[in-house]
Structure formats: structure tokens, C-alpha cells
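Student: There's a structure below that I have some questions on.
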Protein chains: 2
Amino acid sequence: MKKRRSEELRDEIEEMIAFGKLPPGKHLDETELAERFGVSRTPVREALNQLDTAGLIEIRPRRGAVVAEFGPQRLVEMFEVMAELEGMCGRLAARRLSPDEQRALLAVHDRCKAAAQDGDDPDLYYQLNDEFHGAIYAGSHNEFLTEQVWNLRRRLRPYRRLQLRARGRIPKSFEEHEAIVAAILAGEGEKANELLRAHVIVQGQRFADLMASLPLLHANAD
Amino acid sequence: MKKRRSEELRDEIEEMIAFGKLPPGKHLDETELAERFGVSRTPVREALNQLDTAGLIEIRPRRGAVVAEFGPQRLVEMFEVMAELEGMCGRLAARRLSPDEQRALLAVHDRCKAAAQDGDDPDLYYQLNDEFHGAIYAGSHNEFLTEQVWNLRRRLRPYRRLQLRARGRIPKSFEEHEAIVAAILAGEGEKANELLRAHVIVQGQRFADLMASLPLLHANAD
DNA sequence: CATTTAATTTGTGTATACAAGATATAAATT
DNA sequence: AATTTATATCTTGTATACACAAATTAAATG
């Protein structure tokens with residue numbers, strides 16, 4: 001299927017935001033982006049519009065677009081919702097996971113284990129972590145839910161990166177994964193729900209603390 | 001604050017969708033809309049883009065936009081998520097509602113009662129019902145959650161309208177509200193959660209059944 | 001020298017023009 | 001007559017042009 005140029009742009013800009021090339025608060029100049037990508041302003045504007053509605057950037061009328069920038073309060077709120085939705089995925093997955101999906105979950109969990117024990121490639125663990133959670137989302141057998149929770153994950157990505165290097169987080173995360181996998185495979189929906197909720201919300205609190213202690217990230221935006 | 005024309009258009013088109021003037025599946029012609037509103041295609045396109053990202057319409061590359069049309073399966077999924085988020089609002093509201101907000105909740109609940117007993121104005125009850133749920137959302141003291149759940153409610157609006165005239169639904173709905181209010185005011189978060197979840201999901205199942213039994217709504221789209 | 005106001009510049013919002021893909025129509029071949 | 005192919009028309013996607021608001025800089029006055 002042939003994409004439109006504006007969609008490609010949206011994805012590229014989104015990637016730049018996710019990987020920190022465009023930090024929160026950064027002003028996005030339409031003309032500049034258009035030149036950089038070798039297109040006119042029109043498709044750039046369409047891309048920005050989409051990112052705005054998706055919540056990744058903010059367009060203020062007549063004053064241009066900036067990469068969305070969430071304060072500690074809002075981050076806590078977003079993680080609170082994320083935790084609820086992830087918990088819901090876990091609860092449903094515990095009831096609905098097919099044998100194939102069970103095997104797939106175990107497989108990615110094992111790969112997480114290897115990455116966690118190696119320790120010296122946090123990027124790899126980060127990526128496998130996404131796959132692990134993705135396996136649970138898919139297991140919910142609720143496509144709409146899956147889309148929503150992936151979407152939220154996207155929006156939080158620029159902030160999660162900050163936490164990559166937090167000391168000792170990876171082994172702790174993996175520990176929690178073990179309990180989650182056990183609960184899901186045992187079909188204990190409510191337990192999986194609780195464990196996942198806690199697993200996610202603890203991250204939210206960490207991020208919020210981090211953000212609150214590093215106000216410079218908000219200051220040096222432009 | 002001065003809005004841009006494209007935002008006004010977005011709201012107007014959204015309203016037309018919500019009120020069934022543009023039924024699910026209806027093809028949206030950019031030129032036609034532009035003429036109808038007396039503007040060029042540009043702001044119309046921006047509006048459509050936003051509605052697309054928000055999930056109210058679907059834009060298929062090179063083939064134009066249609067009002068989003070959800071099958072029974074997807075409706076069930078959406079209500080499943082809606083139920084979870086509403087339940088979450090209830091759980092949080094039970095813990096966080098301020099005295100003022102408690103009074104406000106009771107007030108709107110009373111107005112619901114009057115409308116339910118009158119019986120002969122389902123539109124009024126529909127509107128008050130929105131306010132009732134809105135009071136609970138606000139009581140969660142989580143703005144992000146509130147935005148998300150309102151957003152979902154918007155997307156489901158064209159379908160909820162179908163159910164307006166379902167026999168005996170209004171008294172039943174009001175009964176459920178009573179239990180929900182009681183739980184929230186008593187600070188029983190988990191109970192409020194459960195009651196709201198059930199309250200919403202039952203609607204989803206009704207809609208899905210209705211949809212499944214009326215495939216004509218899908219057929220006569222164009 | 002500071003502060004306010006006028007002028008310039010920069011960048012967004014909308015309109016119009018053009019290009020390219022998709023759909024509909026009509027002709028031709030089997 | 002039916003199916004396929006070629007042509008025409010229509011709609012979308014992108015580019016360019018213009019209008020207008022906001023930000024910035026320069027000038028003027030206290």
C-alpha cells in the first residue's frame with residue numbers, strides 16, 4: 001500500500017521526538033521542516049496536525065507547534081491511566097491467551113532474561129521490554145485496547161528514555177515480569193492485573209520524581 | 001482566544017457526526033464540504049485530518065474520507081475499554097471527591113431522577129446522563145484520564161443515539177446510578193468501580209446486539 | 001537610560017493552482 | 001452479450017501564492 005508523503009513525515013517526526021532529537025518544548029518550524037525533508041509546507045502541516053491530535057505535539061494558534069511537554073503532575077496522571085490499561089490487558093490475557101500466545105510470551109520473556117543478565121545493553125532490554133508488554137496486549141484479544149495502550153506508550157516514550165540508565169532498574173523490572181508471567185499463565189486474571197498495575201505505576205512515580213528534580217529539562221526547551 | 005477556521009470546522013463536522021447528520025460510512029467530499037461552509041479545501045482537509053487521528057472518521061489514501069464505522073466486535077471492544085476507564089474514574093472519585101463535588105454529583109443525580117420520572121424527554125435524560133458521568137470523571141482528579149474518557153464517549157456517541165429509545169432502559173439506568181452514587185459517597189472505591197464497569201459494559205452488549213440485528217445500518221451507508 | 005510605541009520581519013492560516021491516482025464511461029474484441 | 005481495455009472525468013495530494021497576526025527590532029519620548 002502506497003503511503004502519502006504526509007504520513008511518512010508524521011512517522012519520521014514522531015521518531016525524532018521518540019529518540020529525543022526533538023526534545024519536549026522544542027519549537028517546530030514548518031518552513032524549516034519542509035526544507036529539511038524537501039517538500040512544501042502543506043504535507044508538513046498535515047503531519048503536524050496529526051501529531052497534535054495524537055497528543056505528541058501542541059499547536060498553539062498563530063504561534064506554531066512545540067513538542068508536547070508534560071509536567072510531573074500530568075506524567076503521574078498518564079502513568080496512572082497506562083497502569084490501568086496495562087492491568088486490564090493482563091487480566092484479559094490471563095483468561096484469553098491461546099497456547100501459541102503463551103509460548104510466545106514465554107519466549108520473549110526468556111529473551112528479556114538473557115538481556116537482563118548481560119546487563120550491558122540497556123537499549124536491547126528496552127526493546128525486548130516493549131515486545132514483552134506487546135505480547136500481553138495482543139493476548140488481551142481486544143484490538144481497540146491494544147491500539148490505545150500502544151498509543152499511550154508512544155506518547156510516553158520520550159520520557160521513558162530518561163529512565164533507561166536508572167541503576168538497578170532492569171533486574172527489578174525483570175523480577176516483576178516473572179511474577180506477571182506466572183500469574184498470566186496460571187490464569188489468575190486479578191493477580192496479573194494487580195501486578196501489572198504496580199509494575200507500571202511505580203515507573204510513573206520514578207519518572208515524576210526524576211522530572212521534579214530536573215526542572216532544567218523544562219527550562220532549556222527552546 | 002481566537003480560533004482557527006479549521007478548528008471550528010472540525011467541531012461542526014464532529015457535531016454533524018454525533019447527531020447522525022453524517023451517518024457511519026458516509027463519504028465526505030472535501031470540495032462539497034468546502035462549498036457548504038464557504039471556505040477553501042485547505043481548512044476542511046485540516047479538520048478531516050484531525051477527525052481521522054481522533055478516530056471519528058477514516059481517511060483512506062487517495063480514496064477520500066468516510067465517517068468511522070465500527071462493527072459489533074469493535075463496538076464491544078470499545079465499550080470494554082470504556083467500562084474499564086469509567087470504573088477507574090469511579091474508584092478514584094470515591095477516594096478523591098471534595099465536598100463541593102459530592103454536592104454537585106448529588107445535584108445532577110437529582111436532575112436525572114426528575115428526567116427519568118418524567119419519562120417523555122429521552123433527549124434530556126441523555127444529556128443529563130452525560131453530565132452525571134462527567135461529574136464522576138471530574139471527581140477522579142485526573143485530567144488526562146478525564147480527557148481520554150470524554151474522547152471515547154465522543155467516538156461512541158453516534159452509536160449511543162441508536163439506543164435512546166430502547167424500552168425501559170432509562171429507569172434501569174437511573175437505578176444503577178443510585179447504587180453508583182451511594183458507593184462513591186460512601187468512599188467504597190472498589191464497589192464503585194465494579195458498578196460502573198457493569199453499568200457501561202451492559203450498554204456495550206446491548207449496542208452490539210442491536211448492531212448485529214440491524215446490518216442495514218452498514219449497508220445503506222453511501 | 002528606560003520604557004513605550006511604531007515599523008519591520010518572520011511565520012502561520014487560507015486560497016488557488018497544478019499534478020497524479022482512482023473511478024466511471026465508452027469502445028472494441030471475443 | 002460480456003468482458004476487457006482505453007479514455008475521460010473526478011477527487012485527492014502537493015506546491016505555490018497571498019493575507020494577516022504575532023514577535024522582534026528600531027526609534028522616539030519621558
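The numbers here are math on the coordinates, done by the rules we state, and not lab data. In this text the structure is predicted, and so the values were computed from the model without any measurement. Here the Cβ is made from the backbone with ideal geometry for all residues, glycine too, and neighbour counts use every protein chain on show.
Student: Can you tell me which residue is surrounded by the most Cβ atoms within 10 Å (Cβ to Cβ) among those in segment B:71-82 that are within 18 Å of B:ARG161 (Cα to Cα) and more than 8 Å from chain A (Cβ to nearest Cβ)?
Tutor: B:PHE79
Student: Then there's this: Return only the number of the condition from (1) under 21 Å from A:GLY55 (Cβ atoms); (2) loosely packed, with under 13 Cβ neighbours inside 10 Å that B:ASP120 does not satisfy.
Tutor: B:ASP120 satisfies all of (1) under 21 Å from A:GLY55 (Cβ atoms); (2) loosely packed, with under 13 Cβ neighbours inside 10 Å except (1).
Student: Whether any residue in segment A:157-176 is within 14 Å of another protein chain (Cβ to nearest Cβ), crowded, with 16+ Cβ neighbours inside 10 Å and within 17 Å of the chain's Cα centre (by Cα) is what I want to check.
Tutor: Of segment A:157-176, the ones within 14 Å of another protein chain (Cβ to nearest Cβ) are A:159.
Next cut, crowded, with 16+ Cβ neighbours inside 10 Å only: A:159.
Right, trim to within 17 Å of the chain's Cα centre (by Cα) and you get A:159.
Checking segment A:157-176: at least one residue is within 14 Å of another protein chain (Cβ to nearest Cβ), crowded, with 16+ Cβ neighbours inside 10 Å and within 17 Å of the chain's Cα centre (by Cα).
Student: Still on this structure, please answer the following. With the requirement that a residue be more than 8 Å from chain B (Cβ to nearest Cβ), on the phi < 0 side of the Ramachandran plot and outside any helix (DSSP H, G or I), what does segment A:40-64 give you?
Tutor: Within segment A:40-64, A:SER40, A:LEU56, A:ILE57, A:GLU58, A:ILE59, A:ARG60, A:ARG63 meet the criteria.
Student: Which one of these is away from every other protein chain (no Cβ under 11 Å), crowded, with 18+ Cβ neighbours inside 10 Å and over 16 Å from A:ARG155 (Cβ atoms): A:LEU106, A:LEU97? Don't jump to the end; show me each part of the working.
Tutor: Numbers: A:LEU106 fails: crowded, with 18+ Cβ neighbours inside 10 Å.
So the residue among A:LEU106, A:LEU97 that is away from every other protein chain (no Cβ under 11 Å), crowded, with 18+ Cβ neighbours inside 10 Å and over 16 Å from A:ARG155 (Cβ atoms) is A:LEU97.
Student: Can you pull out every residue in segment A:148-166 that is under 27 Å from A:ASP110 (Cβ atoms) and not β-branched (Val, Ile, Thr)? Spell out the reasoning first.
Tutor: The initial filter retains those residues of segment A:148-166 that are under 27 Å from A:ASP110 (Cβ atoms), namely A:149-150, A:152-154, A:156-157, A:160-161, A:163-166.
A:TRP150, A:LEU152, A:ARG153, A:ARG154, A:LEU156, A:ARG157, A:ARG160, A:ARG161, A:GLN163, A:LEU164, A:ARG165, A:ALA166 - these are the residues of segment A:148-166 that are under 27 Å from A:ASP110 (Cβ atoms) and not β-branched (Val, Ile, Thr).
Student: So which of A:GLU190, A:GLU131 ends up being over 30 Å from B:GLU190 (Cα atoms) and surrounded by fewer than 19 Cβ atoms within 10 Å (Cβ to Cβ)?
Tutor: A:GLU131
Student: Filter segment B:34-70 down to the residues that are surrounded by fewer than 18 Cβ atoms within 10 Å (Cβ to Cβ), among the small types (Gly, Ala, Ser) and closer than 17 Å to B:LYS21 by Cα and list them by number.
Tutor: The answer is B:ALA34, and nothing else.
Student: Which pairs turn up if I take residues in segment A:1-30 that are at positive phi and look for partners that are more than 16 Å from DNA strand C (Cβ to nearest atom) and acidic (Asp, Glu) with beta carbon separation below 8 Å, at least 6 apart in sequence or on another chain?
Tutor: A:GLY25/A:GLU69
Student: With the condition kept exactly as written, say whether any residue in segment A:9-30 is of a type in the set (Val, Ile, Thr), more than 13 Å from chain B (Cβ to nearest Cβ) and in a loop (DSSP other than H, G, I, E, B). Spell out the reasoning first.
Tutor: The initial filter retains those residues of segment A:9-30 that are of a type in the set (Val, Ile, Thr), namely A:13, A:17.
Among the residues that remain, those that are also more than 13 Å from chain B (Cβ to nearest Cβ) are: A:13, A:17.
Okay, now just the ones that are also in a loop (DSSP other than H, G, I, E, B), so none.
No, because not a single residue in segment A:9-30 is of a type in the set (Val, Ile, Thr), more than 13 Å from chain B (Cβ to nearest Cβ) and in a loop (DSSP other than H, G, I, E, B).
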